[in-house]
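Have a look at the structure below, then the notes.
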Amino acid sequence: MSTPVVDRRGRALATCEPRDACAACGSGPLRPALELLRVPVHMGCTDQPPGEDAFADQRWAGCERCGCLQLADLAPLELVYQAQHNGAVGGVWGRHHDALVTLLAGHAPRQVVEVGGASGALARRYVAAHATEAWTVVEPNPTFVAQEPVRLVEAFVEDAGETVGAADTIVHSHLLEHLYRPRAFLHTMREQAQPGTLMVVSVPDLAALLDRSGANALNFEHTYFFGIPTLLWMLQDAGFELEALRRFERHSIFVAAVADGRPGRAGEPPCAVEGARAFARFVAAARRDAAELAARAAEFEGPVFLFGGHVFSQFLLGCGFPEARVAAVLDNDPTKQGLRLYGTDLTVRAPGVLAQEGGAAVIVRAAHYTAEITQQLRELAPAVEVW
Ligand SMILES: [Zn+2]
């Protein structure tokens with residue numbers, strides 16, 4: 001039976017699609033591991049009526065062959081990605097793009113194809129500092145206007161084989177973890193690429209994210225866990241040989257690999273059960289944290305804010321922090337301010353509202369972004385408590 005997608009009153013809106021094979025290794029039955037109930041399907045903010053919000057249970061399962069933890073049922077893409085929510089406002093992403101550009105520039109690519117890259121941010125950063133003949137973004141839903149040498153092919157990459165075949169370098173940044181069928185994607189890339197083509201990949205360091213209690217590690221967008229061994233196995237399985245591996249700030253993993261023309265020689269996948277254990281620990285810790293924060297809020301007299309119009313706040317509420325105790329959600333992204341955090345009745349405000357608040361507290365649970373957010377709040381409103 002597939003998982004229903006329901007509205008607030010429990011009325012069915014759609015159904016999730018059962019995963020037909022392990023996301024990482026492509027075979028192996030999935031064994032149920034952990035369920036999170038009634039999770040908002042979209043991780044951003046919205047101006048639609050609350051009654052239209054969609055929820056589904058997250059049914060996490062482990063592959064019996066390789067151990068990879070993944071969602072057994074996949075939510076409809078049009079609900080998960082119903083609006084852009086990656087404002088990428090903070091400094092971490094700037095540093096990430098700079099580091100990835102440096103890695104790419106070391107290979108002096110002439111013809112780059114970037115898969116995904118909706119905003120064009122990585123492309124602009126590269127061509128501003130380095131010469132290249134063309135940087136072609138293949139993206140079905142671009143949000144930027146291309147300017148030479150950046151070009152745009154508005155398509156899914158499966159339909160852009162000729163473009164990929166003309167590249168000497170393929171790059172994709174924070175794409176692989178979003179795909180429902182990453183293995184099929186990598187095989188398609190290998191089939192479309194000329195032998196010798198370099199592929200540069202950036203993915204989140206999911207193990208480090210879970211370690212730092214990041215609710216942005218696994219969710220309706222990132223539907224499977226993979227560490228470095230599984231990532232390298234997936235690349236080799238598709239016919240890419242490792243050339244370089246770099247870690248970026250316990251935030252991302254960069255891999256450069258070369259299409260070698262001989263897929264299917266990777267052997268048995270590495271054991272990935274550690275991801276399932278780490279996720280179970282993370283969920284248990286988050287529930288304890290939510291309970292402790294709720295107790296602290298009950299004793300506290302001032303208003304309590306949550307930072308982040310994103311999954312961080314949704315997850316804390318899902319773990320049991322009382323929504324009724326939250327004055328508002330704070331977010332630096334001006335496109336979110338004034339909207340409602342999806343799946344809640346909470347409005348998103350600019351952090352500047354704290355300047356008028358004496359005796360308020362802000363809960364910041366934002367993994368890699370926690371340090372820079374905390375510093376910002378201390379400068380903005382020194383009297384506010386940061387929890
Ligand atoms: Zn597997």
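Considering the conditions (1) away from the ligand (no atom under 16 Å from the Cβ); (2) at pLDDT 95 or above; (3) open to solvent by less than 50 Å² (accessible area, probe 1.4 Å), Thr15 is excluded by exactly one of them, (3).
Which one of these does Ser2 not meet: (1) touching a Ser or Thr at 6+ places or on another chain (Cβ under 6 Å); (2) within 16 Å of the ligand (Cβ to nearest atom)? The number of the failed condition is (2).
Taken over segment 109-147, the criterion of being within 12 Å of His97 (Cβ to Cβ) and assigned to a loop (DSSP other than H, G, I, E, B) is satisfied by Gly117, Ser119, Gly120. Listed by first and then second residue, the pairs with beta-carbon distance under 7 Å, at least 6 apart or on different chains, first residue in segment 97-116 and closer than 19 Å to Leu186 by Cβ and open to solvent by less than 70 Å² (accessible area, probe 1.4 Å), second among the β-branched types (Val, Ile, Thr) and assigned to a loop (DSSP other than H, G, I, E, B), are Val112/Thr132. Of the residues making up segment 243-251, none is within 22 Å of the chain's Cα centre (by Cα), in contact (Cβ under 8 Å) with a residue 24 or more places away in the chain and within 13 Å of the ligand (Cβ to nearest atom). Kindly indicate whether any position in segment 183-204 is surrounded by fewer than 18 Cβ atoms within 10 Å (Cβ to Cβ) and within 16 Å of the ligand (Cβ to nearest atom). For segment 183-204, residues surrounded by fewer than 18 Cβ atoms within 10 Å (Cβ to Cβ) and within 16 Å of the ligand (Cβ to nearest atom): present. Do you know which residues across segment 252-276 are within 16 Å of the ligand (Cβ to nearest atom) and either open to solvent by 70 Å² or more (accessible area, probe 1.4 Å) or touching a residue at least 40 places away in the same chain (Cβ under 8 Å) (or both)? Once the filter is applied, which keeps residues that are within 16 Å of the ligand (Cβ to nearest atom) and either open to solvent by 70 Å² or more (accessible area, probe 1.4 Å) or touching a residue at least 40 places away in the same chain (Cβ under 8 Å) (or both), segment 252-276 yields Glu268, Pro269, Pro270, Cys271, Ala272, Val273, Glu274, Gly275, Ala276. Against the conditions (1) in a helix (DSSP H, G or I); (2) at pLDDT 95 or above; (3) of a type outside the set (D, E, K, R); (4) closer than 30 Å to Leu377 by Cα, Ile253 satisfies every one except (1). In segment 20-52, what count of residues is obtained for those that are in a loop (DSSP other than H, G, I, E, B), over 23 Å from Val311 (Cβ atoms) and not aliphatic (A, V, I, L, M)? Qualifying residue count for the region: 7.
Have a look at Thr374, Thr347, Thr335 and point out the one that is touching a strand residue (DSSP E or B) at 6+ places or on another chain (Cβ under 6 Å), surrounded by fewer than 21 Cβ atoms within 10 Å (Cβ to Cβ), modelled with pLDDT under 95 and under 30 Å from Gln82 (Cα atoms). Lay out the reasoning, then the answer.
On the way: Thr347 fails: modelled with pLDDT under 95; Thr335 fails: touching a strand residue (DSSP E or B) at 6+ places or on another chain (Cβ under 6 Å).
Sole residue among the options that is touching a strand residue (DSSP E or B) at 6+ places or on another chain (Cβ under 6 Å), surrounded by fewer than 21 Cβ atoms within 10 Å (Cβ to Cβ), modelled with pLDDT under 95 and under 30 Å from Gln82 (Cα atoms): Thr374.
Residues that are more than 10 Å from the ligand (Cβ to nearest atom) and in a strand (DSSP E or B) were ranked within segment 53-68; the one that is farthest from Asp20 (Cα to Cα) is Phe55. Evaluated against (1) of a type in the set (Lys, Arg); (2) within 16 Å of the ligand (Cβ to nearest atom); (3) within 19 Å of Val283 (Cβ to Cβ), Arg38 falls short on exactly one condition, (2). Restricting to segment 154-178, and then to whatever is modelled with pLDDT under 95, open to solvent by 40 Å² or more (accessible area, probe 1.4 Å) and outside any helix (DSSP H, G or I), can you tell me which residue is farthest from Ala24 (Cα to Cα)? Among residues in segment 154-178 that are modelled with pLDDT under 95, open to solvent by 40 Å² or more (accessible area, probe 1.4 Å) and outside any helix (DSSP H, G or I), the one farthest from Ala24 (Cα to Cα) is Glu154. Taken as a whole, the condition of being open to solvent by 20 Å² or more (accessible area, probe 1.4 Å) and at positive phi does not apply to Gly318. Taking first residues from segment 14-26 that are at positive phi and partners that are within 12 Å of the ligand (Cβ to nearest atom) and in a loop (DSSP other than H, G, I, E, B), no Cβ contact under 6 Å between residues at least 6 apart in sequence or on separate chains turns up.
The values are calculated or read from the model by the stated rules, or taken from the named source; none is laboratory data. Not measured: the values here are computed from a predicted model. Every residue, glycine among them, receives a Cβ derived from its backbone with ideal geometry; neighbour counts consider all protein chains shown. The protein model used for the area step is the full one, side chains on, heavy atoms only, and it has no ligands, DNA or RNA in it. Shrake-Rupley method; radii C 1.70, N 1.55, O 1.52, S 1.80 Å.
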